[in-house]
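Here is the structure we will look at, set down as structure tokens.
Coordinate-derived values only; no laboratory data. Model, not experiment: these values are computed from the prediction. A quick note on method: Cβ atoms are made from the backbone with ideal geometry, for glycine too, and the neighbour counts reach across all protein chains shown.
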Amino acid sequence: MPIVQKIKKKYAKRFRKPIEVFLFHAVTEEYDEKQNMLIDWSQTEDFKKHIHVLKRRYTFVSLEEVYRKLNSRIPRWRRYAALTCDDGFSSVLDVLPFLAKEGIPVTLFINPKYLDGVSHREGYAENQQYITHDQLWALTSPLVTVGMHGYEHDDSTKKTAEEFNWSVEKCKELLQSHPRFVPYYAYTGGRHSDLTQQILHQKRIIPLMVRGKSNTKYYGAIERRPIDSYYWEKTLKNIGMSDS
Ligand SMILES: [Zn+2]
């Protein structure tokens, strides 16, 4: 490797610390096989413990702040992280006071079709309980922002350009009057294509992936790592941390 590149790499490692964006879904006291899916669930006390572990290393900032930092050339000495929550399960409302007490901002990625509260989603044995329109609009804390997760929870890569465009526009139309709305779009299951990326880019919407990577700069999407109970150990290992 040429010397200039070597120095650049060394500089980046020391002064531009990677930023982590973490992702969680439902959080309940007990696992209910009718209401939960193992890969989308955290036990309440475990979730709190996990947040405390991450706080030992990371300074939590909002997702918008992460985006600013990734686009900035200002050196980063500290390790920053942001927290995101997909799907808008109503159980998440119970952990918002805990996150507020910890001073941790969170972005909720919502499927507005389910804002009636009980819509059924594939993969679950029973109707899932979702955050309702009134509950979502009651969230006005500066620590909470609301982003898009598609009109409904389906695979964006199976849609035509017109269908994906419609889903994004519908999602935006139904969510953008929320006082804490942000133009960020978390792909359901992280599934995306060049076409979906192109459409979001044209609309100046910032996409979020789930490829289990760190972020060093903004290259057209923000990467995330899941911290649901099922993924916790693996994610912890991947970021080089331990529980104890
Ligand atoms: Zn989802």
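In whole angstrom, note down how far apart the Cα centers of segment 1-72 and segment 89-116 are. Computed from Cα coordinates, the inter-centre distance equals 17 Å. Couplings 3J(HN,Hα) for segment 119-124, derived from phi with the Karplus relation 6.51 cos²θ - 1.76 cosθ + 1.60 (θ = phi - 60°), are 4, 7, 10, 3, x, 9 Hz, where x marks Gly and Pro. Residues W232, W41, arranged from fewest to most other Cβ atoms within 10 angstrom of their Cβ, appear as W232, W41. Phi angles of segment 220-236 translate, via the Karplus equation with coefficients 6.51, -1.76, 1.60 and θ = phi - 60°, into HN-Hα couplings of x, 6, 10, 8, 9, 10, x, 10, 4, 3, 4, 9, 3, 4, 5, 4, 4 Hz per residue; Gly and Pro are given as x. Spacing of the modelled spin labels on W77 and H52, each 7 Å from Cα toward Cβ, amounts to 2.9 nm. A cut-off of 5 Å between modelled amide H atoms, ignoring neighbours fewer than 5 places along the same chain, links T107 with L83, T84, C85, T145. Report note on the peptides 96-105, 42-51: ranked by the mean count of other C-beta atoms within 10 Å, highest first, their order is 42-51, 96-105. I want the antiparallel fraction of DSSP beta bridges within the chain, as a percent rounded to 5. Here the share of antiparallel DSSP bridges comes out near 5 percent.
Ordering R211, R225, R76, R204 by the number of other Cβ atoms within 10 Å of each residue's own Cβ, fewest first, gives R204, R211, R76, R225.
Using equal-weight Cα scatterers in the Debye expression, the normalised intensity of segment 92-238 in log10 at q = 0.10, 0.13, 0.15 Å⁻¹ is -0.36, -0.63, -0.86. Residue exposure proxy: D87, D40, ordered by other Cβ atoms within 10 angstrom of their Cβ from fewest to most, comes out as D40, D87.
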